[in-house]
Amino acid sequence: MDPKYLDDILPLVRQPSHYLGSEINAIKKDPKQVRLHFALVFPDLYEIGMSYQGTQILYHILNSKEEIAAERVFAPGVDLEAELRGSGRCLRSLESGTALSDFDILGFSLLYELTFTNILTILSLSGIPFFSKDRDDSHPLIIAGGPCAFNPEPLADFFDVVVIGDGEEVVELLADKWLEWKNGDGDRQTLLREWSQMQGVYVPSFFEVGHDSRGGQVLTPRFSNYTSIRKAVVPDLNNVSCPDRPLVPFGKPIHDRLSLEICRGCSGGCRFCQAGMIYRPVRERSPEGILSLAKRALVNTGYEDVSLLSLSTGDYGALQGLITRLMNRCEPEKIALSLPSLRVGSLTPPLMTQIKRVRKTGFTIAPEAGSQRLRDVINKNITEEALFKTVEDTFALGWQRIKLYFMIGLPTETDPDLIAIVKLVRRLKKLCGTGKGRKDITVSVSTFVPKSHTPFQWCSQVPLEESQEKIFILKNELKVRGIRFKWQNPKMSLLEGLWARGDRSLSRLLVAAHEMSCRFDAWSDHFNFARWQAAIGASGVDIDLYTRSRAVSEPLPWDHIASGVSSNFLKIEWEKALSANPTPDCRHGECSDCGVCDFNHLKPVIFKDESYNKASSYPKRVSDKTMYRSLRVSYAKEGPARHFGHLELAKILERAFRRAQIPLRFSSGFHPAPKISFKAALPVGVESKEEHFFVEVPPHIQIVTLEEGINTQLPEGLRIYGCKPGSKKSEGDRCYAYDYAVTLRTGHFSRKKIERFLDCQESVITKTTKKGLIKTIDLKQLITKLHLVSPKIFEMTLDFSSGRQVRPTEVIKHLFELSERDVKLARIVKRPA
Ligand code: SF4
């Protein structure tokens with residue numbers, strides 16, 4: 001569907017395709033045919049949200065029910081927000097263009113504290129009151145879930161319900177109960193009471209807020225049978241469905257690949273890691289289940305990369321056997337594999353050999369701390385020896401770059417610990433070699449932020465000035481050729497820490513920050529600390545109250561949220577941290593009694609099978625002897641497809657060929673790419689009745705099969721309608737003449753300006769090339785025909801046979817002195833002259 005309500009806005013914004021909602025595997029239901037309208041809202045940009053597996057899972061689960069339509073909403077970019085506000089329009093969902101205020105439930109994903117201001121932007125663009133107390137039955141129910149929900153208090157005033165823990169089963173139960181409630185005559189409070197009886201469902205309004213003498217929040221339950229909220233947990237991931245038709249995003253999301261969650265939870269016990277605590281116990285998916293899912297999902301998406309997701313992928317019990325089998329499936333189709341989270345020691349040469357069968361995808365190694373003492377404090381069970389061995393192996397197997405991740409400001413950190421990072425990196429640098437084959441190291445540093453439900457929840461966060469100074473030292477000391485130094489802005493970490501251990505008093509700060517135009521705080525190009533300082537001043541919030549250390553006897557704002565990990569275990573771990581005493585990984589059978597497992601209903605699920613790992617062999621690589629034939633394919637790019645950029649279009653076509661199972665010839669070398677080439681790039685926003693690209697396919701592929709196969713795999717507005725033998729080479733550099741029909745939405749064409757153009761000797765456009773060269777083009781030589789149909793419609797023929805290129809938008813802007821906005825909003829349709 002072309003989102004008509006955005007027709008006059010999309011040409012003006014960055015990445016317009018992100019607002020189309022017509023991706024492959026999008027599910028569009030008639031809103032009138034369903035009973036529950038559920039919006040899955042992600043409070044960040046599309047490119048982040050579409051990389052999040054949780055949205056894909058919930059979208060799939062909810063839409064599998066006939067009575068429910070789940071639709072996506074992402075935070076609009078600041079440009080779209082300005083346009084919506086400027087034109088008095090509200091924010092709408094991607095699939096059906098429904099206003100958010102017309103949904104029954106809005107479900108927000110809470111992944112990162114610095115997205116919180118975007119929640120208010122979304123609500124304000126929808127005309128929905130921020131605070132739950134100000135909403136009534138005419139408003140949607142506003143709920144949330146995700147890792148940040150484990151300390152829901154800073155956002156508690158805004159949400160009717162917060163889901164704590166795994167969402168798969170809870171979301172179904174919430175939806176079923178809503179459908180049942182809708183049939184009855186109970187009010188909203190009745191529904192909230194019923195929802196509150198479900199495991200993992202927190203209703204913030206069912207707790208009264210008070211404060212202790214230090215100003216710390218103390219909650220008093222309003223109902224005696226509702227005093228603590230136990231997290232929802234899926235005991236066996238193999239029993240919950242996983243999308244085998246995930247949405248394939250447009251553009252370039254942060255993770256542009258098929259993500260397969262192979263395991264949830266981590267047994268490593270790193271004391272700083274909230275995810276490692278709240279997602280316990282470890283629950284692996286079966287390797288056969290993963291392989292079957294991968295097979296179906298690759299056919300349904302056309303992805304050329306697969307990523308195995310887990311908090312610690314390298315610890316997956318059957319990893320070697322799984323990836324060998326997976327690569328046996330992927331290698332012939334040039335599908336690459338990446339393992340984003342590998343613990344040092346788990347990254348073995350046999351594993352790396354498998355990964356590089358198609359492409360060498362990147363590795364990040366996270367020592368976290370520079371000294372062994374500090375690594376023992378945080379319970380990062382890796383040795384320097386293992387780290388060196390991993391880096392050596394990585395370089396020996398052909399990788400050219402590794403990324404190292406460290407934190408500063410960890411509890412008990414001293415100056416020697418900081419300098420230990422420098423020494424460690426410099427020694428690792430010696431493994432990089434010199435000269436032409438030199439390898440590179442990227443060092444990435446961020447400030448440690450204490451998080452709720454971890455053994456470090458009581459410790460203080462390093463002050464801003466100290467954090468800045470530490471980063472300054474590292475930056476200077478690591479100014480070495482071949483080392484790239486990156487760091488997270490400590491001001492962002494400070495705010496992250498504020499929210500991570502905050503309470504309900506912070507809701508007034510969030511409103512103040514929203515009113516001071518804080519948006520997309522996780523993005524360095526939008527983050528504005530001065531605005532935050534002003535908001536903090538205006539709301540009277542004392543940051544130190546939140547970043548200070550806390551006594552273990554003190555009430556904590558998240559005390560009523562039970563992650564399953566006992567408070568006693570966290571205290572013992574905190575004490576052990578202070579004496580740098582490690583705790584073993586419970587994966588290997590040594591339970592540390594954290595309290596999560598009952599060893600009946602809930603326990604670690606691990607697929608450790610040496611025979612599975614050993615039995616996997618893989619065929620030797622054979623060179624591709626297929627003879628290919630080159631085809632020239634004609635296609636049209638119209639309607640919503642005009643918003644696709646050139647690279648985006650190339651990716652859409654490549655994936656369409658993969659889904660249609662039409663093999664393409666690939667380039668050889670370390671990074672094989674399909675041979676799809678274009679004669680020229682069509683500018684974003686311009687429609688065309690006839691364009692061409694070239695591909696090489698095996699001779700047995702019939703043209704009619706290709707046309708039919710590809711057309712069923714293309715998004716709306718793209719259509720191929722002809723193939724014939726031909727190659728880019730045989731076409732040469734020949735350029736053609738094209739007709740353009742231009743229809744203005746705003747502004748008008750002036751007859752006088754046409755007359756002036758006809759009367760003049762030359763009409764020169766000056767262009768600066770990407771290399772900074774100045775080029776002039778005389779439009780008198782380029783425009784062979786022009787015709788003013790009406791003040792809004794103009795037609796022209798541009799003859800490019802001289803080799804000179806100019807965009808039609810540049811021509812009309814120059815000829816008619818139109819504004820940038822008029823030009824962007826014009827509809828331009830190209831066809832061969
Ligand atoms: S209870 Fe024992 S086995 Fe279960 S997650 Fe905790 S430490 Fe691991």
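The values are calculated or read from the model by the stated rules, or taken from the named source; none is laboratory data. Given the structure is predicted, the values throughout are model-derived calculations rather than measurements. Positions of Cβ are backbone-derived with ideal geometry, glycine not excepted, and every protein chain shown enters the neighbour counts.
Return a yes/no flag: does region 604-611 have any residue that is more than 22 Å from GLY321 (Cα to Cα) and at pLDDT 80 or above. Looking through region 604-611, none of the residues is more than 22 Å from GLY321 (Cα to Cα) and at pLDDT 80 or above.
Of the conditions (1) in a helix (DSSP H, G or I); (2) within 29 Å of the chain's Cα centre (by Cα); (3) within 16 Å of the ligand (Cβ to nearest atom); (4) not β-branched (Val, Ile, Thr), PHE569 clears all except one; give me its number. All conditions pass for PHE569, except number (2).
Scanning region 186-205 for residues that are among the hydrophobic types (A, V, I, L, M, F, W, C) and outside any helix (DSSP H, G or I) gives MET198, VAL201, VAL203.
Give region 554-566 a look and list any residue that's assigned to a loop (DSSP other than H, G, I, E, B), away from the ligand (no atom under 12 Å from the Cβ) and of a type outside the set (Phe, Trp, Tyr), or say none. Steps first, answer last, please.
At the first step, the residues of region 554-566 found to be assigned to a loop (DSSP other than H, G, I, E, B) are 554-560, 563-566.
Next cut, away from the ligand (no atom under 12 Å from the Cβ) only: 554-560.
Residues satisfying the conditions are GLU554, PRO555, LEU556, PRO557, ASP559, HIS560.
Checked against (1) more than 16 Å from the ligand (Cβ to nearest atom); (2) modelled with pLDDT of 95 or more; (3) farther than 18 Å from LEU94 by Cβ, HIS255 passes all but a single condition, namely (2). Scanning region 264-283 for residues that are more than 13 Å from the ligand (Cβ to nearest atom) and either among the charged types (D, E, K, R) or crowded, with 20+ Cβ neighbours inside 10 Å (or both) yields CYS270, ARG271, PHE272, CYS273, GLN274.
Remark: pairs (first residue in region 574-603, at negative phi; second residue small (Gly, Ala, Ser) and near the ligand (Cβ under 10 Å from one of its atoms); Cβ separation under 6 Å; 6+ apart in sequence or on different chains) = THR583/GLY269; THR583/SER592; ASP585/SER267; CYS586/SER267; CYS586/SER592; ARG587/SER267; VAL596/GLY564.
Scan region 151-172 residue by residue and report those that are in contact with a strand residue (DSSP E or B) (Cβ under 6 Å, 6 or more places away or on another chain) and closer than 17 Å to PRO43 by Cβ. Give the derivation first.
So in region 151-172, the residues in contact with a strand residue (DSSP E or B) (Cβ under 6 Å, 6 or more places away or on another chain) come out as 152, 159-167, 170.
PRO152, PHE159, ASP160, VAL161, VAL162, VAL163, GLY167, listed by residue number.
What do you reckon, is VAL201 of a type in the set (Val, Ile, Thr) and in contact (Cβ under 8 Å) with a residue 60 or more places away in the chain? So VAL201 fails the test.
Restricting to region 448-478, name every residue that is part of a loop (DSSP other than H, G, I, E, B) and among the hydroxyl-bearing types (Ser, Thr, Tyr). Break it down stepwise before answering.
First, pick out the residues of region 448-478 that are part of a loop (DSSP other than H, G, I, E, B): 448-463, 478.
Answer for region 448-478, where residues must be part of a loop (DSSP other than H, G, I, E, B) and among the hydroxyl-bearing types (Ser, Thr, Tyr): SER452, THR454, SER460.
When we screen ILE164, ILE122, ILE128 for residues that are in contact with a His (Cβ under 6 Å, 6 or more places away or on another chain) and either of a type outside the set (D, E, K, R) or closer than 14 Å to ILE561 by Cα (or both), the only hit is ILE128. Considering each residue of region 305-313 in turn, none proves to be touching a Leu at 6+ places or on another chain (Cβ under 7 Å) and within 16 Å of the ligand (Cβ to nearest atom).
What residue, of GLU687, GLU707, is within 34 Å of the chain's Cα centre (by Cα), at negative phi and at pLDDT below 95? Give the steps one after another, and end with the answer.
Working: GLU687 fails: at pLDDT below 95.
None of the other options fit; the residue is GLU707.
The set of residues in region 346-375 that are modelled with pLDDT of 80 or more, small (Gly, Ala, Ser) and assigned to a loop (DSSP other than H, G, I, E, B) comprises ALA369, GLY370, SER371. For region 284-296, the set of residues classified as over 15 Å from ILE606 (Cβ atoms) and crowded, with 22+ Cβ neighbours inside 10 Å consists of ALA294 only.
Inspect all residues belonging to region 798-809 and state whether any of them is within 42 Å of the chain's Cα centre (by Cα), within 26 Å of LYS689 (Cα to Cα) and aliphatic (A, V, I, L, M). Looking for residues that are within 42 Å of the chain's Cα centre (by Cα), within 26 Å of LYS689 (Cα to Cα) and aliphatic (A, V, I, L, M), one finds at least one in region 798-809, hence yes.
Each row is one residue, and each column tells you yes or no for (1) of a type in the set (Val, Ile, Thr); (2) surrounded by 13 or more Cβ atoms within 10 Å (Cβ to Cβ); (3) in contact with a Gly (Cβ under 7 Å, 6 or more places away or on another chain).
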site	(1), (2), (3)
ARG745	no, yes, no
GLY772	no, no, no
GLN805	no, yes, no
HIS814	no, yes, no
VAL829	yes, yes, no
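With respect to LEU237, is the statement that it is aliphatic (A, V, I, L, M) and within 16 Å of the ligand (Cβ to nearest atom) true? Before you say what the answer is, go through the steps one by one.
Working: aliphatic (A, V, I, L, M): yes; within 16 Å of the ligand (Cβ to nearest atom): yes.
Yes.
Could you check how many residues of region 529-558 are surrounded by 15 or more Cβ atoms within 10 Å (Cβ to Cβ), charged (D, E, K, R) and under 28 Å from ILE164 (Cα atoms)? Of the residues in region 529-558, 1 are surrounded by 15 or more Cβ atoms within 10 Å (Cβ to Cβ), charged (D, E, K, R) and under 28 Å from ILE164 (Cα atoms).
Looking only at region 585-615, how many residues end up being near the ligand (Cβ under 9 Å from one of its atoms) and not in a helix (DSSP H, G or I)? Talk me through it step by step, then tell me what you get.
Initially, region 585-615 is screened for residues near the ligand (Cβ under 9 Å from one of its atoms), giving 585-587, 589-599, 602-604.
Pick out the ones that are also not in a helix (DSSP H, G or I) and you get 585, 589-599, 602-604.
Result for region 585-615: 15.
Among the residues of region 162-185, write down those that are part of a loop (DSSP other than H, G, I, E, B) and either crowded, with 22+ Cβ neighbours inside 10 Å or modelled with pLDDT of 95 or more (or both). Spell out the reasoning first.
Going residue by residue through region 162-185, those that are part of a loop (DSSP other than H, G, I, E, B) are 164, 166, 184-185.
If the condition is that a residue be part of a loop (DSSP other than H, G, I, E, B) and either crowded, with 22+ Cβ neighbours inside 10 Å or modelled with pLDDT of 95 or more (or both), then ILE164, ASP166 are the ones that fit.
In the set ALA551, ALA580, only one residue is in contact with an Asp or Glu (Cβ under 6 Å, 6 or more places away or on another chain) and either within 16 Å of the ligand (Cβ to nearest atom) or assigned to a loop (DSSP other than H, G, I, E, B) (or both); that residue is ALA580.
If you go through region 503-528 and keep only what is surrounded by fewer than 17 Cβ atoms within 10 Å (Cβ to Cβ) and outside any loop (DSSP other than H, G, I, E, B), you end up with ARG508, GLU515.
Counted as qualifying within region 656-750 are the strands (runs of 3 or more DSSP E) with 1 or more residues that are touching a Pro at 6+ places or on another chain (Cβ under 6 Å), namely 686-697, 737-743.
Residue-level check: of (1) in a loop (DSSP other than H, G, I, E, B); (2) out of contact with any Phe, Trp or Tyr (no Cβ under 8 Å at 6 or more places or on another chain); (3) in contact (Cβ under 8 Å) with a residue 60 or more places away in the chain, GLN761 misses just (3).
Mind checking which pairs have a first residue in region 38-59 that is under 19 Å from SER310 (Cβ atoms) and a second that is acidic (Asp, Glu) and crowded, with 22+ Cβ neighbours inside 10 Å, Cβ under 8 Å, 6 or more apart or different chains? Going by the 8 Å Cβ cut-off, there are no qualifying pairs. Here LYS436, LYS423 are screened, and the one residue that is under 30 Å from GLY669 (Cβ atoms) and either in contact with a Gly (Cβ under 9 Å, 6 or more places away or on another chain) or assigned to a helix (DSSP H, G or I) (or both) is LYS436.
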